[in-house]
1. Along the principal axes of its C-alpha atoms, what lengths does the protein assembly as shown span, in descending order and rounded to whole Å?
2. Tell me, what is the percent relative contact order of segment A:3-113, built from C-alpha pairs under 8 Å that lie six or more residues apart?
3. Charges on Cβ only, +1 for Lys and Arg, -1 for Asp and Glu, centred on the Cα centroid of chain B; of B:LEU21, B:SER94, B:TYR33, which one is farthest towards the dipole's positive end?
4. With heavy atoms of protein chains only and a 1.4 Å probe, what residues of segment B:34-51 have at least 10 Å² less accessible area in the full set of chains than alone?
5. In a shell of Cβ-Cβ distance under 13 Å around B:TYR47, excluding B:TYR47 itself, what net charge do Lys and Arg (+1) and Asp and Glu (-1) give?
6. Return the average number of partner chain Cβ atoms within 10 angstrom of each residue Cβ along peptide B:100-110.
7. For chain A, set up a GNM with springs between Cα atoms under 10 Å and report which of A:LEU47, A:LEU102, A:LEU76 has the largest fluctuation.
8. Check the straight Cα-Cα distances from B:LYS9 and name the aspartates and glutamates below 18 Å, setting aside those fewer than 8 residues away within the same chain.
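The values are calculated or read from the model by the stated rules, or taken from the named source; none is laboratory data. Keep in mind that this is a model prediction, so the values were computed, not measured. Positions of Cβ are generated from backbone atoms using ideal geometry, with glycine treated the same way; all protein chains shown enter the neighbour counts. Each accessible area value is taken on the protein alone, full model and side chains, heavy atoms only, with ligands, DNA and RNA left out. Shrake-Rupley method; radii C 1.70, N 1.55, O 1.52, S 1.80 Å.
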Amino acid sequence: AQSVTQLDSQVPVFEEAPVELRCNYSSSVSVYLFWYVQYPNQGLQLLLKYLSGSTLVESINGFEAEFNKSQTSFHLRKPSVHISDTAEYFCAVSILSNTGKLIFGQGTTLQVKP
Amino acid sequence: NAGVTQTPKFRILKIGQSMTLQCAQDMNHNYMYWYRQDPGMGLKLIYYSVGAGITDKGEVPNGYNVSRSTTEDFPLRLELAAPSQTSVYFCASSHEGTGKGGELFFGEGSRLTVL
């Protein structure tokens with residue numbers, strides 16, 4: 001069975017500072033990896049995903065994540081955060097299949113301070 | 001576009017009562033999912049469906065039931081509400097399923113309290 005561990009429950013950071021949200025996964029088979037973001041009182045939205053090819057994937061708002069197969073990690077980074085990035089971030093994994101159950105990590109709350 | 005619509009947004013139940021959380025999507029997606037979100041626990045999959053007439057259990061199905069009679073609708077039934085079912089429930093849909101790398105589209109959630 002797959003599992004996802006997000007190593008930090010809360011990450012406080014000042015505006016314009018860099019940030020890294022850590023995610024490790026466990027699976028005996030190949031997986032797809034996702035990061036979702038949840039703004040207050042909203043549903044989740046896809047931020048970015050890794051399916052195959054280049055191990056570095058980017059989102060439209062400046063986040064990037066790197067798939068590291070040897071370390072089974074998919075850490076999320078941003079070189080300079082904004083107040084508007086304050087949200088909860090979820091790492092998730094799905095095995096390659098016709099059904100596909102997405103398994104989420106516990107979530108990391110990013111708090112950007114002015 | 002409405003996307004994924006969940007009703008009700010808020011509900012308070014007494015222990016032992018029953019209710020149905022409604023979920024409808026207008027994107028003609030085959031795949032639909034129900035998750036519950038509890039603080040510090042992330043999202044746990046309750047049930048999912050890969051098409052009309054087909055449903056399967058997720059990680060935490062006990063105490064819940066689902067049906068999928070149409071592509072658009074995927075209601076979640078709580079038969080005998082218990083305090084442990086106090087949570088925020090999210091419905092989601094996907095065109096190709098996450099097992100093929102597809103994106104999940106989420107509703108805004110239904111906050112349920114069982115007293």
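1. Each principal axis gives a Cα extent; for the protein assembly as shown these are 49, 38, 34 Å.
2. Working: 269 pairs, mean separation 42.5, N = 111.
Answer for segment A:3-113 is 38 percent.
3. B:LEU21
4. Listed in order, they are B:TYR35, B:GLN37, B:GLY40, B:MET41, B:GLY42, B:LEU43, B:LEU45, B:TYR48, B:VAL50.
5. Working: positive: A:LYS101, B:ARG36, B:LYS44, B:LYS57, B:ARG68, B:ARG77; negative: B:ASP56, B:GLU59.
Value of the local net charge: +4.
6. What the average comes to for B:100-110 is 6.
7. A:LEU102
8. B:ASP38, B:ASP73, B:GLU108
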